[in-house]
Amino acid sequence: MEQRVSLITLAVHDIERAAAFYEALGWQRADSPDGVIAFDLIGQTLGLYPLTALADELGVDPETLGTGATTLAHNLRTRDEVDTLMRAAQTAGAKILKPPQEVFWGGYHGYFSDPGGHIWEIAHNPFSPLSPEGAFRWNGY
């Protein structure tokens, strides 16, 4: 297995509400079949899928899926970009869980949850500069 993630799927209760949130952040939908909404990212895709459909596919009760304790991280080039994106997320309907602040390891970050409860970390890590295309690598490019 290659060391990569191709598709991140968020199971959501209201797929159109979830899509509208990400579109309000400036993301654009990719063409996809009915029942799935996809946003192409740098090197991977974020998919939105109805929670009940995923439960059916897995053969489990929808209540067993919850939202879990997973976080998705979006790293930025500067601290100011963190502040700007957190404000945009709140305007789009995010719940701010932790306002942007300095972190003990020298970075700057904050957390929000999207309308489906999925948690995003928005961060600037001066020790992991992004590639010119915006790709992230643990020790930077």
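The values are calculated or read from the model by the stated rules, or taken from the named source; none is laboratory data. Everything quoted here is computed from the prediction, not taken from an experiment. All Cβ positions, glycine included, derive from the backbone under ideal geometry; neighbour counts span all protein chains shown.
Taken together, the criteria place D80 among residues that are within 30 Å of W138 (Cβ to Cβ) and either assigned by TED's automatic domain parsing to the domain that holds G134 or of a type outside the set (A, V, I, L, M) (or both).
If I ask for residues that are polar (S, T, N, Q) and either in contact with a strand residue (DSSP E or B) (Cβ under 8 Å, 6 or more places away or on another chain) or not in a helix (DSSP H, G or I) (or both), which ones from segment 60-78 would you list?
Step one: list which residues in segment 60-78 are polar (S, T, N, Q), which gives 64, 67, 70-71, 75, 78.
Selection gives T67, T70, T71, N75, T78.
Annotation: of all residues in segment 46-70 being surrounded by fewer than 16 Cβ atoms within 10 Å (Cβ to Cβ) and among the polar types (S, T, N, Q), the one that is modelled with the lowest pLDDT is T70.
Entry remark, segment 13-59: residues being more than 19 Å from T71 (Cβ to Cβ), of a type outside the set (G, A, S), assigned to a helix (DSSP H, G or I) and in contact (Cβ under 8 Å) with a residue 60 or more places away in the chain number 1 in total.
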